[in-house]
Each structure stands twice: as C-alpha cells, then as structure tokens.
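Shown next, in structure tokens, is the structure this report addresses.
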Amino acid sequence: MTTQTIPDIILNNGVTIPQIGYGVFLTPPEETEQAVREALEVGYRHIDTAQAYRNEAGVGAAVAASGLPREEVFLTTKVWISNAGEAKAARSIDGSLRRLGTDYIDLLLVHQPFGDYYGTYRAMERALESGKVRAIGVSNFYPDRFVDLAGNVDVAPAVNQMETHVFNQQVDSRPWYAKYGTALESWGPLAQGRNNIFTHPVLTRVGQRHGKTAAQVALRYLLQRDVIIIPKSVQRERMAANLDILDFSLDEADLEAVAALDEGHSLTVDHRDPELIGYLATYQVEED
Ligand SMILES: NC(=O)c1ccc[n+]([C@@H]2O[C@H](COP(=O)([O-])OP(=O)(O)OC[C@H]3O[C@@H](n4cnc5c(N)ncnc54)[C@H](OP(=O)(O)O)[C@@H]3O)[C@@H](O)[C@H]2O)c1
C-alpha cells in the first residue's frame with residue numbers, strides 16, 4: 001500500500017477529488033469486485049466506472065466489502081447515450097445509485113456528447129440540487145461541444161474527461177476548459193498501451209534517472225501538468241506501480257523531453273467520425 005498521500009484537486013464547486021483514481025473500463029463485471037477490492041487495498045480512494053461498463057455493481061460491492069467509510073472513497077460514474085434525455089437520465093441516475101449501493105455519487109459525467117445530452121445534463125443539475133450527486137461534468141466534449149454546453153447551462157462542468165496522455169496532451173483544448181474552471185481528467189493515461197508506451201525510449205531514459213518505469217514517468221508527467229488520472233490495471237503489481245509515482249519529480253529537462261512526445265491528436269477513437277457515432281447510438285445499457 002502506498003505510504004504517500006495522494007494529492008487532491010479542488011473542483012470548481014469546492015469538492016475535492018483525489019488526483020489519482022482507478023479505472024474499470026473493460027474490466028469484466030464478474031471480475032470487477034475483486035479488482036476494485038485490490039485497488040482499494042493497494043491505496044486507491046477514487047474509482048471511475050460508467051453505466052456503459054456494466055460493472056457498477058462490482059464497484060459498489062467492493063466498496064462495501066472494504067469496510068472503508070463511504071466518504072473516504074470518491075466514486076465517479078457516467079450516463080450513457082441510451083439513457084439520454086431528462087426523464088430517462090434521471091431514472092438511470094437512480095439505477096446507478098442502486099447498483100453502486102450508495103445514496104450519492106461523487107462525480108457524475110455525461111459520457112458522450114451525443115443524443116439529448118442537454119436533457120441529460122438538466123437531470124444531472126437536478127440530481128446535484130437534491131444531493132444525489134456532489135459534482136457534475138462531461139466526457140469526450142471537444143472544445144466546440146464543450147463551449148456550447150458550458151455556455152448554455154446553469155452549472156459549469158466540474159470536469160471534462162478526455163483521452164489524455166503523453167502522445168495526446170490536449171494542449172490547445174485546455175484553455176477552453178479552464179475558462180469555465182473545468183478540470184481536465186485523463187482517460188487512457190497510459191495511451192491504452194499504444195505507441196509502445198511501456199518501452200518507449202524517451203520515457204524509459206527519463207525513468208532510469210529516477211529509478212522508475214516508462215509507465216510511471218508517463219503518469220507522473222500528467223500529475224505535474226495538473227491532470228486528474230485514472231489508470232486501469234487488473235494486475236495488483238501494476239495497480240501498485242501506477243500509484244507509486246509520488247516520491248519523485250520530473251525536472252524541467254524531463255518535462256521538456258516528454259512534452260515533445262505530443263502528437264496533438266487521438267490515438268484511439270475519433271469522436272467526430274460518423275461511423276463511430278452511429279455505432280455508439282446502437283449500444284444500449286440498462287435503463288433503470
Ligand atoms: N470517458 C471515456 O470515454 C473513457 C474511455 C476510456 C477509458 N475511460 C476511463 O479511463 C480509465 C483508464 O483508461 P483505459 O483503461 O482505457 O487505459 P489505460 O489506463 O491507459 O491503459 C490500460 C491498459 O494498460 C495496461 N497497463 C496498466 N498499467 C500498466 C503497467 N504499469 N504496465 C504495463 N501495462 C499496464 C492494462 O492492462 P492490465 O489491466 O492487464 O494490467 C490495460 O491494458 C478506464 O479504465 C476508464 O475508467 C473513460
């Protein structure tokens with residue numbers, strides 16, 4: 001278990017979020033409880049799930065089994081496109097609460113900028129008012145969609161969760177989010193393994209100076225850039241290694257070397273690709 005304190009980021013509504021969390025995208029539902037139990041044992045106190053991952057119940061079971069007081073674990077989930085629209089989204093938030101086994105969600109995000117996400121966001125604002133949620137935000141909102149939403153709603157998004165890693169650093173996008181006090185949260189902080197990140201020569205060389213791996217350098221870089229990160233691993237040793245990034249610091253030369261890896265575009269999916277948007281519209285999750 002990590003002996004270092006995980007730093008907090010203060011969101012634009014005063015809620016604090018641990019800057020390092022643990023993600024469960026693609027973790028099979030039947031393996032999620034065990035994985036999250038281990039993540040909590042290793043020292044994570046922030047878990048990122050989504051209705052679309054179909055594993056919220058496993059997250060809830062792990063938190064319950066951990067014996068940790070509820071307020072010591074920060075829980076994020078996301079409303080999926082098939083639950084978009086004010087009434088449907090409101091029902092789906094109650095479903096998420098039930099599956100997570102909790103009476104509040106710390107951070108609730110619109111998962112994708114598709115479907116009736118204005119209706120979804122209104123339902124989230126109501127959930128915030130009624131105390132079912134402590135903070136609300138969005139995910140995958142590129143600056144155009146982001147500014148359109150943020151400028152037309154009552155509650156500015158606390159977070160935008162975007163594909164962010166050393167090869168896609170969101171440099172041009174960040175000022176748009178900052179304009180609304182919106183924190184950048186990284187999904188895919190390890191680039192989902194792309195570009196040989198785990199053996200990348202620049203990251204490896206920087207890591208050798210600090211006795212750290214390429215993965216640890218990639219994660220540490222995001223921390224020093226004030227990005228919230230939620231690396232995913234189902235392997236306990238990797239969970240621990242991904243958290244073991246608090247006892248070293250990248251200097252200016254290191255930061256410059258890693259900054260130069262930025263390609264300025266996604267390595268995974270293009271949220272402006274009509275094929276993708278059409279496919280996502282067909283993906284259904286539980287409505288309750
Ligand atoms: N909002 C969205 O649309 C969205 C999209 C994608 C992800 N997310 C969130 O972001 C979280 C993180 O992103 P991600 O899971 O896509 O990708 P990621 O964290 O960048 O990478 C995860 C992959 O890297 C491997 N890995 C992790 N740590 C490693 C290490 N130290 N050494 C070698 N391999 C390692 C994992 O394998 P093993 O598990 O086998 O270790 C897994 O294959 C997700 O779990 C999810 O919560 C959100």
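May I ask you to list pairs of residues, at least six apart or on different chains, whose Cβ atoms are under 8 Å apart, with the first in segment 186-198 being hydroxyl-bearing (Ser, Thr, Tyr) and the second being assigned to a helix (DSSP H, G or I)?
186/222
Exactly one of (1) of a type outside the set (Asp, Glu); (2) surrounded by fewer than 17 Cβ atoms within 10 Å (Cβ to Cβ); (3) touching a Phe, Trp or Tyr at 6+ places or on another chain (Cβ under 9 Å) is unmet by residue 261. Its number?
The single condition residue 261 does not satisfy is (2).
Can you tell me which residue within segment 1-39, out of those that are of a type in the set (S, T, N, Q) and part of a loop (DSSP other than H, G, I, E, B), is nearest to residue 227 (Cα to Cα)?
The qualifying residue nearest to residue 227 (Cα to Cα) is 19.
Taking segment 237-258, which residues are surrounded by 14 or more Cβ atoms within 10 Å (Cβ to Cβ) and either free of Cβ contacts under 8 Å to residues at least 40 places away in the same chain or within 16 Å of the ligand (Cβ to nearest atom) (or both)? Before you say what the answer is, go through the steps one by one.
The initial filter retains those residues of segment 237-258 that are surrounded by 14 or more Cβ atoms within 10 Å (Cβ to Cβ), namely 238-246, 248, 250, 254-255, 257-258.
Residues satisfying the conditions are 238, 239, 240, 241, 242, 243, 244, 245, 246, 248, 255, 258.
Please tell me if residue 62 is under 30 Å from residue 247 (Cβ atoms), buried (at least 23 other Cβ atoms within 10 Å of the Cβ) and more than 18 Å from the chain's Cα centre (by Cα). Before you say what the answer is, go through the steps one by one.
Working: under 30 Å from residue 247 (Cβ atoms): yes; buried (at least 23 other Cβ atoms within 10 Å of the Cβ): yes; more than 18 Å from the chain's Cα centre (by Cα): yes.
For residue 62, the condition - under 30 Å from residue 247 (Cβ atoms), buried (at least 23 other Cβ atoms within 10 Å of the Cβ) and more than 18 Å from the chain's Cα centre (by Cα) - is met.
Of all residues in segment 187-208 being more than 6 Å from the ligand (Cβ to nearest atom) and of a type in the set (A, V, I, L, M), which is surrounded by the fewest Cβ atoms within 10 Å (Cβ to Cβ)? Don't jump to the end; show me each part of the working.
Keep residues of segment 187-208 that are more than 6 Å from the ligand (Cβ to nearest atom), which gives 194-197, 199-208.
Keeping just the survivors that are of a type in the set (A, V, I, L, M) gives 197, 202-203, 206.
Working: 197: 21, 202: 15, 203: 27, 206: 24.
Step by step, filter segment 187-208, then rank; the result is 202.
Restricted to segment 1-38, and to residues that are among the aliphatic types (A, V, I, L, M) and under 12 Å from residue 58 (Cα atoms), which residue is nearest to the ligand (Cβ to nearest atom)?
Initially, segment 1-38 is screened for residues among the aliphatic types (A, V, I, L, M), giving 1, 6, 9-11, 15, 17, 20, 24, 26, 35-36.
This time we only want the ones that are under 12 Å from residue 58 (Cα atoms), so: 24, 35-36.
Numbers: 24: 5, 35: 8, 36: 11 Å.
Taking the candidates together, the pick is 24.
What is the residue count in segment 150-186 for residues that are farther than 23 Å from residue 128 by Cα, away from the ligand (no atom under 14 Å from the Cβ) and outside any loop (DSSP other than H, G, I, E, B)?
3
Assess whether residue 284 counts as being in contact with a Ser or Thr (Cβ under 9 Å, 6 or more places away or on another chain) and either more than 26 Å from residue 32 (Cα to Cα) or hydrophobic (A, V, I, L, M, F, W, C) (or both).
So residue 284 does not fit the description; no.
Go through segment 246-280 and report how many residues are farther than 20 Å from residue 163 by Cβ and of a type in the set (A, V, I, L, M).
5
Which of the following residues is of a type outside the set (Phe, Trp, Tyr) and part of a helix (DSSP H, G or I): 131, 115, 119?
119
May I ask you to list the residues in segment 69-106 that are within 13 Å of residue 134 (Cα to Cα), acidic (Asp, Glu) and within 19 Å of the chain's Cα centre (by Cα)?
Hits for segment 69-106 are 71, 106.
Computed from the coordinates by the stated procedures, all read-outs in this text should not be read as laboratory data. Keep in mind that this is a model prediction, so the values were computed, not measured. Please note: Cβ atoms are built from the backbone with ideal geometry, for glycine as well, and neighbour counts cover all protein chains shown.
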